[in-house]
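Report on the structure given below.
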Amino acid sequence: MLLVRGHAGGTALTGTLYERGERPPTFEGAPDEGAPYVWICDEFYEVESGGQVQRIDGKERRVAFEAPTTRGFETRDAALAAAKEHVRTQFARLGLRGEDVEIEVVENPDREQPDP
């Protein structure tokens, strides 16, 4: 399992990439069980009323969330590229430049990290 996290405007968005041999969660709209790599991440956009108030890029914004996006991929490279693009796109939907999003990929997030 990989976590793909984007940072921009003082906040972050994290999605999960399930790798070959791992079992992604099942729910309506999930990709074909046969996909060796499965990306799952929230989608959101700014609204004038309702939503959740978030402080992003120094401004309070109302953000509404859609059902998580799920996509299946045949290769790890294709899945990672799409995951990074998805995260950048979500920030762009809030008016932040995709180029300003810092992306980090965390491998094996459940495994204890060694002390520095």
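The values are calculated or read from the model by the stated rules, or taken from the named source; none is laboratory data. Remember, it's a predicted structure, so these values are computed and weren't measured experimentally. Cβ atoms come from the backbone with ideal geometry, glycine included; neighbour counts cover every protein chain shown. The protein model used for the area step is the full one, side chains on, heavy atoms only, and it has no ligands, DNA or RNA in it. Shrake-Rupley method; radii C 1.70, N 1.55, O 1.52, S 1.80 Å.
With respect to the stated conditions, residue 82 is surrounded by 11 or more Cβ atoms within 10 Å (Cβ to Cβ) and at negative phi.
Is it the case, given these coordinates, that residue 68 is in contact with a strand residue (DSSP E or B) (Cβ under 9 Å, 6 or more places away or on another chain) and surrounded by 16 or more Cβ atoms within 10 Å (Cβ to Cβ)?
So residue 68 fits the description; yes.
How about segment 87-113: which of its residues are assigned to a helix (DSSP H, G or I) and either open to solvent by 20 Å² or more (accessible area, probe 1.4 Å) or free of Cβ contacts under 8 Å to residues at least 60 places away in the same chain (or both)?
Of the residues in segment 87-113, the ones assigned to a helix (DSSP H, G or I) are 87-92, 98-100.
Selection gives 88, 89, 92, 98, 99, 100.
Close contacts from segment 44-61, counting a first residue that is touching a residue at least 24 places away in the same chain (Cβ under 8 Å) and at positive phi and a second that is surrounded by 13 or more Cβ atoms within 10 Å (Cβ to Cβ) and part of a strand (DSSP E or B), with Cβ to Cβ under 8 Å and a gap of 6+ residues or different chains, come to 57/8.
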